[in-house]
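A.B. asks: Before I ask anything, let me first share the structure, which is written out below as structure tokens.
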């Protein structure tokens, strides 16, 4: 009988020990994953926000100084760089926002072809992307297409 009680106490003690190890493992995993998330994801988002803020301050400063052509040239280079970067993403789904953005870029590039040194790469990246033929709203790209069509009709 004493042997049975000792075995039962041993099983209970082992179960408690296993539970404690499980809880400690969960806490260590939670702390580690939180730290890694902060280091590798959150900090990159903050870095991207800092880059965007710097770009916005530069752009607004140039616009306020009347350096419109410089801003347009800078944006054109940025557009080409983003097109090349996004086009390297394999298998973008048609429903994906990135695909719609590439379609908008294709539509824009149909009106204003790339003049950068990467123009051939930009054209290759957009080759299989269809331009917008029909617009859901009358935003700036729609108005730009309308203006280009009016200029071509004249």
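A.B. asks: Find the residue count for the stretch 117-134, including only residues that are in a loop (DSSP other than H, G, I, E, B), farther than 14 Å from residue 102 by Cβ and in contact (Cβ under 8 Å) with a residue 12 or more places away in the chain.
C.D. replies: 1
A.B. asks: Okay, next question. What residue, among those in the stretch 89-113 that are free of Cβ contacts under 8 Å to residues at least 12 places away in the same chain and in contact with a helix residue (DSSP H, G or I) (Cβ under 8 Å, 6 or more places away or on another chain), is nearest to residue 147 (Cα to Cα)?
C.D. replies: 113
A.B. asks: Here's a follow-up. Here is a list of conditions, (1) exposed (fewer than 10 other Cβ atoms within 10 Å of the Cβ); (2) within 14 Å of the chain's Cα centre (by Cα); (3) modelled with pLDDT of 85 or more, and residue 84 meets all of them except one; can you say which number that is?
C.D. replies: Checking residue 84 against (1) exposed (fewer than 10 other Cβ atoms within 10 Å of the Cβ); (2) within 14 Å of the chain's Cα centre (by Cα); (3) modelled with pLDDT of 85 or more, the one that fails is (1).
A.B. asks: On to the next question. Does residue 45 satisfy the criteria of being at pLDDT below 95 and either surrounded by 12 or more Cβ atoms within 10 Å (Cβ to Cβ) or farther than 29 Å from residue 106 by Cβ (or both)?
C.D. replies: No.
A.B. asks: Could you please tell me which pairs satisfy a Cβ distance under 9 Å, a separation of 6+ or placement on different chains, a first residue in the stretch 45-59 that is not assigned by TED's automatic domain parsing to the domain that holds residue 75, and a second residue that is at pLDDT 90 or above and assigned to a helix (DSSP H, G or I)?
C.D. replies: Listed by first residue and then by second, the contacts come to 55/74; 55/78; 58/71; 58/74; 59/71; 59/74; 59/75.
The values are calculated or read from the model by the stated rules, or taken from the named source; none is laboratory data. The structure presented is a predicted model; accordingly, all values stated were derived computationally and were not measured. Don't worry about glycine lacking a Cβ; one is built from the backbone with ideal geometry, like all the others, and counts go over all protein chains shown.
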